[in-house]
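Here's the structure, in structure tokens; my notes come after.
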Amino acid sequence: MTKDAMTFKGRLIRTTLPLLLASVALPAVAAHNNNAYVLNDFGGSVTVVDTKTNTVAATVPVGKNPIGVAVRPDGRYVYVANGSSDSVSVIDAQTNTISTTVPVGHAPAAVVFSPNGALAYVAIANDSALTVIDTATNAVVTTVPVGSIPLALAINPSGTRIYTANAGDFSVSVVDTATLDVIATLPVDISPAAIAIGPLGERVYVANYDTNLLTMIDTSSNTVVGTMAAPGGPDGVAVGALGIPVYLTNDTDGTLTAVNPFTKRTIASVPTGDNPSGLAVDRGAGRVYVTNFSSNTVSVVNTLTNKVVATVGTGRGPIAVALQPRW
């Protein structure tokens with residue numbers, strides 16, 4: 001099934017065609033946020049899913065083509081990168097309404113937070129840059145250059161390094177958050193579509209869409225230490241609670257796979273909906289939430305049984321999903 005603005009290729013087309021902080025301490029955890037936030041690319045909205053009941057709690061309108069999302073570590077706010085609106089929508093998680101909208105550069109594609117939630121980092125694809133937002137004021141603090149067309153971000157648990165997956169030059173930029181300098185640029189395979197980091201920060205994983213590969217990076221040496229084959233069109237990647245398994249959504253074969261990156265073996269392959277794209281792991285509950293772009297659903301997978309235990313309807317073109325992080 002084809003998609004014209006959805007997973008890796010659609011995001012790349014959308015971002016390349018137009019081309020023709022003050023640190024405020026926040027509470028580590030204000031309250032447990034029991035929701036999953038699903039971005040509907042075609043609908044310009046966020047479907048809020050209650051993870052206790054796997055039912056839709058709310059639908060929140062945001063900007064055009066939302067493609068990146070993160071929940072602040074305290075669970076209080078949700079930041080949404082609107083790819084075609086050049087903005088970040090800030091959702092109040094208590095009221096499921098827009099608190100404010102932050103103008104940013106051209107084609108924001110991904111968001112991550114510092115561990116204390118004081119800063120939000122946004123990948124600006126068309127500007128090949130990383131923008132820093134002070135979450136206390138929702139003001140842009142600075143914007144710094146990274147690799148070409150960053151589409152995905154990961155931050156280590158200590159908040160000292162950010163990794164950008166750059167689709168324009170097939171690389172990963174390593175950014176020191178203290179200086180905001182790029183301290184390393186690592187070549188990876190073509191079409192880096194997604195990036196994730198292990199719970200201890202020791203490994204970074206990159207999904208390479210066109211070559212059907214998972215690339216593994218050692219963070220202590222900033223070197224690529226291996227690759228392993230992945231099913232068709234790996235478009236999303238996330239890591240389990242113990243660093244194993246690594247989960248991949250596979251766009252062209254409609255599955256979620258769980259792999260052991262150390263033995264390079266597949267643990268399980270779980271059929272989902274059509275064209276799975278984004279995913280998020282609830283490490284506490286033992287669930288993986290998978291967005292199925294062409295089915296307009298989210299599959300909820302039990303990580304113990306590797307079975308789909310619920311399917312939740314969403315808006316049109318669900319492309320990404322986020323949960324409150326568990327460090």
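Couple of notes before you dig in:
- Amide H contacts of Ala230 (H built 1.01 Å from N, under 5 Å, at least 5 apart or other chain): Leu213, Leu214
- Packing-based ranking of 104-117, 298-311 yields 104-117, 298-311, ordered from highest to lowest mean Cβ neighbour count within 10 Å.
- Ranked by the mean number of other Cβ atoms within 10 Å of their residues, highest first, the peptides 158-167, 316-325 come out as 316-325, 158-167.
- Karplus-derived 3J(HN,Hα), 6.51/-1.76/1.60, for each residue of the stretch 192-206, Hz, glycine and proline x: x, 9, 8, 8, 8, 10, x, x, 9, x, 8, 10, 10, 10, 10
- Applying 0.36 nm per residue to the separation of Arg316 and Asn302 and subtracting their alpha-carbon distance, the gain on full extension is 2.6 nm.
- Efficiency of FRET from Cβ geometry, Val309 and Asn96, R₀ 22 Å, rounded to 0.05: 0.35
- Each of Pro103, Val49, Gly147 was scored by the projection of its Cα onto the charge dipole of the stretch 40-180, and the greatest displacement toward the positive side belongs to Val49; charges sit on the C-beta of Lys, Arg, Asp and Glu.
- FRET efficiency estimate (nearest 0.05) - Cβ-Cβ, Ala136 to Ala58, R0 30 angstrom: 0.75
- Summarising the label geometry, the points placed 7 Å from Cα in the beta-carbon direction at Thr223 and Thr252 lie 3.2 nm from one another.
- Backbone geometry of the stretch 288-298 corresponds, through the Karplus equation with coefficients 6.51, -1.76 and 1.60 at θ = phi - 60°, to 3J(HN,Hα) couplings of 10, 9, 10, 8, 10, 4, 8, 9, 6, 9, 10 Hz, x marking Gly and Pro.
- Burial order of peptide ranges 79-85, 94-100 (average beta-carbon count within 10 Å, highest first): 79-85, 94-100
- Within the stretch 156-295: Cβ-based charge dipole about Cα centre, in debye rounded to nearest 20 (Lys, Arg +1; Asp, Glu -1): 440 debye
- Karplus-derived 3J(HN,Hα), 6.51/-1.76/1.60, for each residue of the stretch 113-121, Hz, glycine and proline x: 10, 5, x, 8, x, 6, 10, 10, 10
- Cα-centre dipole for the chain with unit charges at Cβ (Lys and Arg positive, Asp and Glu negative), debye to 20: 620 debye
- Three-way shape call for the stretch 230-327 based on the alpha-carbon gyration tensor, with the a/c threshold at 1.5: oblate
- Local electrostatic count, Asp50, Cβ distance below 13 Å [Lys/Arg +1, Asp/Glu -1]: +1
- Gyration tensor verdict on the stretch 34-130 (Cα atoms; rounded if a/c is under 1.5, prolate if a/b is larger than b/c, oblate otherwise): oblate
- Each of Phe42, Phe293, Phe262 was scored by other Cβ atoms within 10 Å of its Cβ. Listed from fewest to most, they are Phe262, Phe42, Phe293.
- One entry in [x] 1.18; [y] 0.87; [z] 2.31 is Cα Rg over 2.2 N^0.38 Å calculated from the shown coordinates; its label is [y].
- Charge tally in the Cβ shell below 13 Å around Val144, where Lys, Arg are +1 and Asp, Glu are -1, Val144 excluded: -3
Here, each number is a calculation from the coordinates, and none is a lab measurement. Since the structure is predicted, the reported quantities are computational estimates derived from the model, not experimental observations. As a convention, Cβ positions derive from the backbone with ideal geometry for all residues, glycine included, and neighbour counts pool all protein chains shown.
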